[in-house]
Amino acid sequence: MNKVDVIVVGAGIVGLAHALAAARRGFKVALFERTSPAVGASIRNFGQVWPVGKSGGLFQRAMKSREIWLEASRGADFFCLENGSLHLAYQDDEMAVLNDLYAQVPEVREFGQLLTPEQVFDKSQAVKLEGLKGALWSTTELNVDPRQAIRAIPGWLARTYGVELHFGTLVRGINLPNVETTAGTWQAERVYVCSGADFETLYPQQYAESGLIRCKLQMMRTVTQPDNWKLGPNLCAGLSLYQYTHTFAHLSSFTALKQRIETEMPFYVQYGIHLLVSQTALGEITIGDSHEYAMTFDPFDREDINRAIMDYLHTFAQLPSFEIAERWHGIYPLVKGQREIVIHPEPGVTIVNGLGGSGMTLSFGLAEEILSQ
Ligand SMILES: Cc1cc2nc3c(=O)[nH]c(=O)nc-3n(C[C@H](O)[C@H](O)[C@H](O)COP(=O)(O)OP(=O)(O)OC[C@H]3O[C@@H](n4cnc5c(N)ncnc54)[C@H](O)[C@@H]3O)c2cc1C
């Protein structure tokens, strides 16, 4: 009989985080992932762990995740840089929002600093100084290479915590203690369903009632930058202040920025385009993204969105090479206005999903909280 204490469904970051949290508490854990390796949202993202600006307890959760990311990177041996971030301001209304954020949020002051353009230059030669008003420098952000991390962590879980790995194995039904998979029946006391954008296979009724929708994001990556060139901190600019409404919308200065961007940049607003920039282990630059919301998406990417992303990138970044080597998109689930969803469809089963654009930032911390309940 295949018998364990805990089964985790899905080897994206949410599933990996729950497998780790359960195994560390002494449970015998089996992790099931339908593909081999996992190719969902967790390998398609920037790999930015981004605590700055998180509020309402989420900053502490993000910082817990940050601590676990650093530990996991040492254990599983993947690229994870403590490089911080720069929010760049090229307009007076953008600088006003950064000033407000710095003045009003204690964590931003504790871990951050407002910089003049000259100070920005000391941190990053990638930033265009022409027209730059200033920036918010934050020390808390990490840059993880998601393609390395999501492939390396399962092996670390198996070696260090004895987690059983079942890749290429679909979980097709749960009726505790039985868990039906394409490799046979397992028995477990508890199951964590971390199935990402798949709402159809397990508990479709509960998913349908949850309010989850999907978000499609277009991404690009440059060739390896020449001469071992380094980006420095992760970068973002004015459009990110508009996009991350949960971080900035409560500031009084936000209204002016919102009005200007909605008047001047309607295409960017319509497709939720803003820019985050980070560098991979191999020196490529990851650039994105856009946000389109639906249950089912056209599978084809839009070149006008990619062009708009590149146009905006040129307003604040100077890279030795802008040559694009890869284009792709990722899809994550979310409930608008909610941080995540945690559902108990039957005793012993927990669905954890809907972390939206913050799964890399929050999953390790969230799993610690859920396993401690
Ligand atoms: C383009 C993009 C950029 C992003 N950038 C960032 C960022 O910089 N920072 C950040 O914090 N967040 C970011 N995010 C968000 C983050 O990637 C997601 O929140 C996170 O990856 C969701 O993880 P997950 O484990 O729920 O989903 P996934 O990674 O999609 O994993 C779910 C897994 O479950 C498996 N599965 C589903 N059903 C079954 C089944 N029945 N049996 C077995 N296996 C099953 C799937 O095959 C899949 O591998 C980004 C997302 C995208 C798309």
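Given region 256-373, what helices (runs of 4 or more DSSP H) lie entirely inside it while holding 2 or more residues that are farther than 30 Å from residue 228 by Cα and within 13 Å of the ligand (Cβ to nearest atom)?
Details: elements: 266-270, 303-316, 359-371.
Result: 359-371.
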What is the number of the single condition among (1) within 16 Å of the ligand (Cβ to nearest atom); (2) under 28 Å from residue 298 (Cβ atoms); (3) touching a Leu at 6+ places or on another chain (Cβ under 8 Å) that residue 208 does not meet? (3)
Of the criteria (1) assigned to a helix (DSSP H, G or I); (2) within 16 Å of the ligand (Cβ to nearest atom); (3) surrounded by fewer than 21 Cβ atoms within 10 Å (Cβ to Cβ), which one residue 239 fails: (3)
Report whether or not residue 164 is over 30 Å from residue 89 (Cβ atoms), surrounded by fewer than 21 Cβ atoms within 10 Å (Cβ to Cβ), touching a residue at least 12 places away in the same chain (Cβ under 8 Å) and in contact with a strand residue (DSSP E or B) (Cβ under 6 Å, 6 or more places away or on another chain). yes
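Kindly indicate the residue of region 180-205 that is β-branched (Val, Ile, Thr) and more than 12 Å from residue 31 (Cα to Cα) and also farthest from the ligand (Cβ to nearest atom) among those meeting that condition.
First, pick out the residues of region 180-205 that are β-branched (Val, Ile, Thr): 181-182, 185, 191, 193, 201.
Within this subset, residues satisfying the condition of being more than 12 Å from residue 31 (Cα to Cα) are 182, 185, 201.
Values: 182: 9, 185: 14, 201: 4 Å.
Per the stated criteria, the residue is 185.
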Given (1) β-branched (Val, Ile, Thr); (2) away from the ligand (no atom under 12 Å from the Cβ); (3) closer than 17 Å to residue 353 by Cα, where does residue 224 come up short, assuming only one miss? (3)
Kindly list the number of the only condition in (1) over 18 Å from residue 288 (Cβ atoms); (2) more than 16 Å from the chain's Cα centre (by Cα) that fails for residue 84. (2)
What's the total number of residues in region 18-60 that are within 21 Å of residue 166 (Cα to Cα), in a loop (DSSP other than H, G, I, E, B) and either near the ligand (Cβ under 8 Å from one of its atoms) or among the aromatic types (Phe, Trp, Tyr) (or both)? 6
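Could you list, in sequence order, the residues of region 51-92 that are charged (D, E, K, R) and surrounded by 20 or more Cβ atoms within 10 Å (Cβ to Cβ)? Even if it seems obvious, please write down each step before you answer.
Within region 51-92, the first condition is being charged (D, E, K, R), and the residues that meet it are 54, 61, 64, 66-67, 71, 74, 77, 82, 92.
Of everything in region 51-92, those that are charged (D, E, K, R) and surrounded by 20 or more Cβ atoms within 10 Å (Cβ to Cβ) turn out to be 54, 61, 66.
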Against the conditions (1) under 30 Å from residue 175 (Cα atoms); (2) in a helix (DSSP H, G or I), where does residue 122 fall short? Just the number, please. (1)
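Would you mention how many residues in region 1-15 are farther than 14 Å from residue 193 by Cβ and surrounded by 24 or more Cβ atoms within 10 Å (Cβ to Cβ)?
We begin by selecting, within region 1-15, every residue farther than 14 Å from residue 193 by Cβ; these are 1-5, 13.
Keeping just the survivors that are surrounded by 24 or more Cβ atoms within 10 Å (Cβ to Cβ) gives 13.
Summing the residues that are farther than 14 Å from residue 193 by Cβ and surrounded by 24 or more Cβ atoms within 10 Å (Cβ to Cβ) in region 1-15 gives 1.
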Considering only region 1-50, state which residues are within 25 Å of residue 215 (Cβ to Cβ) and free of Cβ contacts under 8 Å to residues at least 24 places away in the same chain. 39
Taking first residues from region 199-221 that are under 28 Å from residue 326 (Cα atoms) and second residues anywhere that are of a type in the set (Asp, Glu) and within 11 Å of the ligand (Cβ to nearest atom), the pairs with Cβ under 7 Å that are 6 or more apart or on different chains are 217/289; 218/289; 219/289
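Every number in this text was worked out from the coordinates using simple rules, so none of it is lab data. Since the structure is predicted, the reported quantities are computational estimates derived from the model, not experimental observations. A quick note on method: Cβ atoms are made from the backbone with ideal geometry, for glycine too, and the neighbour counts reach across all protein chains shown.
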